[in-house]
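Some notes on the structure that comes next.
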Amino acid sequence: MLPWLRRNKGFLVFLLGFGVFRTAVADWNPIPSGSMRPTILEGDVVFVDRLAYDLKVPLTDIVIAPLGTPRRGDIVTFSSPRDGTRLIKRIVALPGDRVEMRHGVLLVNGVAARYEDQVSLPEQVAGRETTAVHARERIAGSAREVQFLPAVRARRDFEAMTVPADSYFMLGDNRDDSEDSRYIGVVPRHLLIGQAQRVLVSADILDKWQPRLERLGKALE
């Protein structure tokens, strides 16, 4: 074993350094579901900046030092407070914000979002075609493209709540097909992994993994 270690120590040091880089500095995250449609698609691989918010001990949620402030509208990866699953969603409410939803309309601090430029498109959900409504959501100084699925049963209402200190309320951009803070609760800051910033590569998993060249390098807004 020792001779093998000596012969391969350079490669082992590389693997160790690569592992530290991925767990502490930057990462990439394959997207297996459509919960962030239309912003992020199944088959996208997104770049995640792990130093956007906190410097952590590699492979842990232990924060060494804060580096940045999460903002409303940021797309983030995080560990689910319910079961530890890695998820990717959008921050829609910050610590101290009062957030609620009425008939699918998001309200932050008593101000309702505006939904502009609505358009209906066909969408495949669980192998069935349905109608998706795309709109530009504007609220509290941020804007993003969101999607609604009127024919799908979903949680479109929840009572007003105040986001606790050092926690964030997350929603998927695909509002009617996303397991987010409506189901798993608010996300404490120490569970944030990093900020998703752009698409690295993309392939259409519904069409024989055909590459989507137009999405390469696409910035996430």
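Read-outs throughout are calculated quantities, based only on the coordinates presented, and are distinct from any laboratory measurement. Computed from a prediction, not measured in an experiment: that's the story for all the values here. Cβ: placed from backbone, ideal geometry, glycine included. Neighbour counts: every protein chain shown.
Observations
- Relative contact order of region 102-221, defined on C-alpha pairs under 8 angstrom at six or more residues apart (%): 16 percent
- Estimated distance in nm for a label pair at residue 179 and residue 151, the labels positioned 7 Å out from Cα along Cα-to-Cβ: 2.5 nm
- The angle between the Cα long axis of helix 9-24 and the main principal axis of the chain comes to about 20°, on a 0 to 90 degree scale.
- Convex hull of Cα atoms in the chain, direction-averaged projection (nm²): 14.9 nm²
- Set of aspartates and glutamates with alpha-carbon distance to residue 218 below 18 Å, sequence-local pairs under 8 removed: 27, 42, 44, 49, 74, 145, 173, 204
- Estimated vicinal HN-Hα couplings, Hz - region 102-119 in sequence order (Karplus 6.51, -1.76, 1.60; Gly, Pro = x): 10, 6, x, 8, 7, 10, 10, 6, x, 9, 7, 5, 9, 10, 10, 6, 6, 9
- Taking amide H atoms as placed 1.01 Å from N in the peptide plane, the amide H of residue 218 lies under 5 Å from those of 199, each 5 or more residues away in sequence or on another chain.
- Placing pseudo-labels 7 Å out from each Cα toward the beta carbon at residue 197 and residue 212 gives an inter-label distance of 2.1 nm.
- Across the options 59, 188, 130, the greatest Cα extent toward the positive end of the charge dipole of the chain (unit charges at beta carbon of Lys, Arg, Asp, Glu) belongs to 59.
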